[in-house]
Amino acid sequence: VQLQASGGGLVQAGGSLRLSCAASGRTFSSYAMAWFRQAPGKAREFVAAFSRSGDSTYYADSVKGRFTVSRDNAKNTVYLQMNSLKPGDTAVYYCAAGRAGPESITQRSWYAYWGQGTLVTVSS
């Protein structure tokens, strides 16, 4: 599975961005699809994910109510709509695919495939 993330950029606090993650290879019906982020000097952290079935979504508490994950199966693409952005959301955002289940959906080690990352910068 190859993943290509895009859509990052510079935005003012309160603004919005939509990230895309295009997958090639096996379809993501076989994998949980997730977004992680890594801010400078910090560990990579879970942001949001779809379950392997695609029926369930999961969000980090820090982004609930502001971020929405969606998918287009025909395009093999997952999106992360980010609204009400804050300076604390500044990070490199990565999409990932793996065989995580509900109890491991937030854990990096369960994701075998990673995109290259796209930088999101939120100015105050």
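Can you tell which of Gln38, Ala49, Leu19 lies farthest toward the positive end of the dipole of the range 1-56, using +1 and -1 charges on the Cβ of basic and acidic side chains (Lys, Arg; Asp, Glu)?
Toward the positive end, the furthest listed residue is Gln38.
Taking the Cα centre of each part, how many Å lie between the range 1-47 and the range 67-124?
A separation of 3 Å, based on Cα centres.
If you take the square roots of the eigenvalues of the alpha-carbon gyration tensor of the range 6-46 and sort them as a ≥ b ≥ c, do you get rounded (a/c under 1.5), prolate (a/b over b/c) or oblate?
In terms of gyration-tensor shape, oblate.
Under the 0.36 nm per residue contour assumption, what length would be gained going from the current alpha-carbon distance of Ser62 and Ser6 to full extension?
Full-extension gain reported as 18.0 nm.
How big is the dipole moment of the chain about its Cα centre under a simple scheme where the beta carbon of each Lys and Arg is +1, that of each Asp and Glu is -1, and everything else is neutral? Debye, nearest 20, please.
About 120 debye.
What's the local net charge at Gln38, with K and R +1, D and E -1, over the other residues with C-beta under 11 Å away?
+3
With every protein chain kept in place and ligands, DNA and RNA left out, what is the accessible area per residue of the chain? Probe 1.4 Å, answer in Å².
Per-residue accessible area for the chain comes out at 49 Å².
The values are calculated or read from the model by the stated rules, or taken from the named source; none is laboratory data. The model shown is predicted, which means the values in this text are computed figures rather than measured ones. All Cβ positions, even for glycine, are placed from backbone atoms using ideal geometry, and neighbour counts span all protein chains on display. The protein model used for the area step is the full one, side chains on, heavy atoms only, and it has no ligands, DNA or RNA in it. Shrake-Rupley method; radii C 1.70, N 1.55, O 1.52, S 1.80 Å.
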